[in-house]
């Protein structure tokens, strides 16, 4: 999903480079052949289109441990988020049109009162997302019964 979004963004940027290319072709401002800016932009977009999405995806890790979700992400800056299930207010299983075409979903855990009030775990199978959701709901129900 990340790679496809990156390709769409790069496609838009390459399309926008066409405007200065056409202006340069008509006015001959830079004295460069048509396509030079496309080649430069294409070379600059290799990393964000082809390398970065794979690295970001490989950096995603999650696991449920006891009554907590441990979520790791980040390539340059590593971020570890631990979400205690008893602090979750509600859980969403979301699926965009693009995710539907690849048969994946995202799990969203909403918590109270923090800067990062929701944690999104992308790229899960629907069954896995629903299993985690049900586990979280069981912990929430158990906590409510104990009160």
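The values are calculated or read from the model by the stated rules, or taken from the named source; none is laboratory data. In this text, all values refer to a predicted model and were calculated from it rather than measured experimentally. So basically every Cβ, Gly included, is an ideal-geometry build from the backbone, and we count neighbours across all protein chains shown.
Checking each residue in segment 44-103 for being part of a helix (DSSP H, G or I), over 18 Å from the mean Cα position of the chain (by Cα) and not assigned by TED's automatic domain parsing to the domain that holds residue 8 picks out 85, 86, 87. So for segment 15-27 (the condition being surrounded by 15 or more Cβ atoms within 10 Å (Cβ to Cβ), touching a residue at least 24 places away in the same chain (Cβ under 8 Å) and under 30 Å from the mean Cα position of the chain (by Cα)), does at least one residue qualify? Yes, the conditions are met somewhere in segment 15-27. Here segment 56-75 is the region considered, the condition is being touching a strand residue (DSSP E or B) at 6+ places or on another chain (Cβ under 6 Å) and in contact (Cβ under 8 Å) with a residue 40 or more places away in the chain, and the residue that is surrounded by the most Cβ atoms within 10 Å (Cβ to Cβ) is 69. Is it true that some residue in segment 79-94 is touching a helix residue (DSSP H, G or I) at 6+ places or on another chain (Cβ under 7 Å) and surrounded by fewer than 14 Cβ atoms within 10 Å (Cβ to Cβ)? There is no residue in segment 79-94 that is touching a helix residue (DSSP H, G or I) at 6+ places or on another chain (Cβ under 7 Å) and surrounded by fewer than 14 Cβ atoms within 10 Å (Cβ to Cβ). Close contacts from segment 93-104, counting a first residue that is on the phi > 0 side of the Ramachandran plot and a second that is surrounded by 12 or more Cβ atoms within 10 Å (Cβ to Cβ), with Cβ to Cβ under 8 Å and a gap of 6+ residues or different chains, come to 103/126. Give me a count of the residues in segment 79-91 that are in contact with a strand residue (DSSP E or B) (Cβ under 7 Å, 6 or more places away or on another chain) and either in contact (Cβ under 8 Å) with a residue 24 or more places away in the chain or closer than 20 Å to residue 123 by Cβ (or both). Of the residues in segment 79-91, 9 are in contact with a strand residue (DSSP E or B) (Cβ under 7 Å, 6 or more places away or on another chain) and either in contact (Cβ under 8 Å) with a residue 24 or more places away in the chain or closer than 20 Å to residue 123 by Cβ (or both).
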